[in-house]
Structure formats: C-alpha cells, structure tokens
Amino acid sequence: MSEGTDHEGWLRRPKTLLAVLVVARLVLETAGAAHTWTRYLSSTVALFLAAIYLGAVAPLRGVTRFTKLILPAVFLTVWTAGWVIFAILVSALLQLQGSHFASPDDYGNWPHLRQHILGHVGAIGIYSAVVVILMAVPFLLRRWPVAVGPAAVLGALVITRYWVEAMGADPARASAWSSTLAMLLCGFYLGGVGQCFGLKLGGQLLIPSILIGWAWRFWVFLAAVLSVVAPFYKTHFFDPSGGRVAVRLAESLGVGVLEGFVYGVVVWGIAVWISHTARRTALEV
C-alpha cells in the first residue's frame, strides 16, 4: 500500500459490514429464517454499495490516482468471497439444512463441493472489475466535490431498486426507490450547499449538475447491462428477451447521454433558484 494512503481506515468499515452480513445470514438461515427475506441480505449487493462508498471517500483517504483503486477493489472482492466460501464450508461440513450457502449435493461430496467453491473463486475477477467501475464513478468526480455525494446516492438507489425488483418485489413498491425523483432533488441539494463549496455564481453549478445527470444515466446503463448478464433477474431496466440486445444497449447508452444532459440542465435550474433564494433570504435576515 502506498505511503500517505490510509487503506486500513478506508476499508475497515466495508470489511466489517461484509463479514457481519455473511455471518448474520448464515446464522439466521440456520435458525430457520425464511429465504424469502434472508436473500435480501446479499453480500454481492453490499459489496457493490461498499464500492460506491469507497470511491466517494477515496480522496479523503489519500487516494489521488485511479490506479490506486484496483488493488483495494480486488482485496475487498476476495475478502467477500472468502467469507462466502467460509459459510459454504461450514454449511456443508455441518450439513446445515436451512442454509442456502451449501446444497444437499455438497454434503460429503467433496468433488461437488470443490466445484462449488471454485465457481466462487472464478468469479472474483469479474466482480473485481465491476467493483473498480463502481468505485471509479464517484472517484472521477473528485474535482467537483459537490457532485460526489449526489452521484453516490443515485448509484445506491439504482442498485437497491435493481435488487428489490430482482427479488420479485411488487413494482409499485420497488418504484419507491426511484432514482429519477432523487435526481431532481439533487437540484435542491446543490443550490443549498453550493456556496459551502465556493460555488457562489449560478454558472458554477452547471457543470456539477450535468455531471450528476450523466453519472445517474451511467448507473442506469450498468443496471441494464447487468440485466443482460443475469437475465434470470427480471427488472424494468432492460428486457433481453426483446432481441437485438447489443443494438438496444447502444441506443440506451446514447439516449442516456442526452437524458443525463437534459436532466442536468433541469437540476441546474433548480439549483440556481435555490441558491438565489438562499442568498436573498440571508441578506434579509
């Protein structure tokens, strides 16, 4: 680890969260908790959310270059996989019937258990790449600190909604995690705190607003790609059964760039209005 970078403090909380989550799910399922709700305690989703958090706070921990994200991303992915493999071994060796980590085929069947574990090991590279991408989005916004928080929150909302829909939640309830509404609320945030970041003029809020819009649409595009990679999860982000997947994804990306810009301008308008109102109120007081 490089000098000047507080990697231990940077990774401590995500590591603890992921370990506790895996152990808690194992204990709850062993105790008889229904899989219909323990599946929401997904270490994969937690890993992705942790990646966004780490990317957002990376500059505060002395990380100043993109390449410095790669090793922590791999480490955190290996850490998560290690705890999952631990849960698989415990479930298989003790033949814990309630646990989803190991199937009955793993009980006493070492070749099958080995293949199960190797499957998780083989996925480390793919998950590490995804984690790097998730970390990179808020990290690349570090030159516009006011945009980092909103971009991270929007990413968390998109991931959460994707997972809730993938778990079969009612669409009306899943829509409560709407990132579109959150995107518009970003205008109020930017206008309210912009001056704290030295953004006193309306024009200074334009670039952060558009960057947040593009970050939002990029999150949505990633959810669409994930819908293609994992078609067994049904979400509103993308339906691969419609065919022409590559073309439709490319169209989605292009439209997303335009939508991100348009929404960014709308957010900018809201931010300017809030900023002017806040300054005028402060002068009157």
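When only Cα pairs under 8 Å and 6 or more residues apart are kept, what is the percent relative contact order across segment 1-140?
That works out to 33 percent.
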What angle do you read, to the nearest 10 degrees and between 0 and 90, between the alpha-carbon axis of helix 206-229 and the longest principal axis of the chain?
20 degrees
Taking other Cβ within 10 Å of each residue's Cβ, how do Tyr107, Tyr189 sort, fewest first?
Tyr107, Tyr189
Among Leu69, Leu190, Leu258, which one shows the highest mean-square fluctuation when the chain is modelled as a Gaussian network with alpha-carbon springs under 10 Å?
Leu258
Which lysines have a Cα lying under 27 Å from the Cα of Lys15, excluding residues fewer than 8 positions away in the same chain?
Lys68
According to the Kirkwood expression over distinct Cα-Cα pairs, how big is the hydrodynamic radius of the chain, in Å?
20.8 Å
Let me have the 222 nm mean residue ellipticity of the chain computed from DSSP H runs of 4+ only, each contributing -39500 (n - 2.57), with the sum over all residues rounded to the nearest 500.
-24000 deg cm²/dmol
Quick one: among Leu96, Leu47, Leu18, which has the greatest mean-square fluctuation in a GNM of the chain with alpha-carbon springs under 10 angstrom?
Leu96
Loop only per DSSP, at most 11 neighbouring Cβ atoms within 10 Å: give me the trypsin sites (Lys or Arg not before Pro) in segment 80-163, ordered by residue number.
Arg143
Relative to the longest principal Cα axis of the chain, at what angle does helix 124-140 sit, 0 to 90 degrees, rounded to 10?
10 degrees
Roughly how many nanometres apart are two label points built 7 Å out from the Cα toward the Cβ at Val90 and Thr67?
3.9 nm
Please determine, in degrees from 0 to 90 and to the nearest 10, the orientation of helix 7-30 with respect to the longest principal axis defined by the Cα atoms of the chain, where the helix direction is its Cα long axis.
50 degrees
Using a Gaussian network model on the chain with a 10 Å cutoff between Cα atoms, which of Val148, Val90, Val272 fluctuates the most?
Val90
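Read the figures in this text as sums done on the coordinates, not as results from a lab. This one's a predicted model, so the numbers in the text were calculated from it and none came from an experiment. For neighbour counting, all protein chains shown are included, and Cβ atoms are generated from backbone atoms with ideal geometry for every residue, glycine included.
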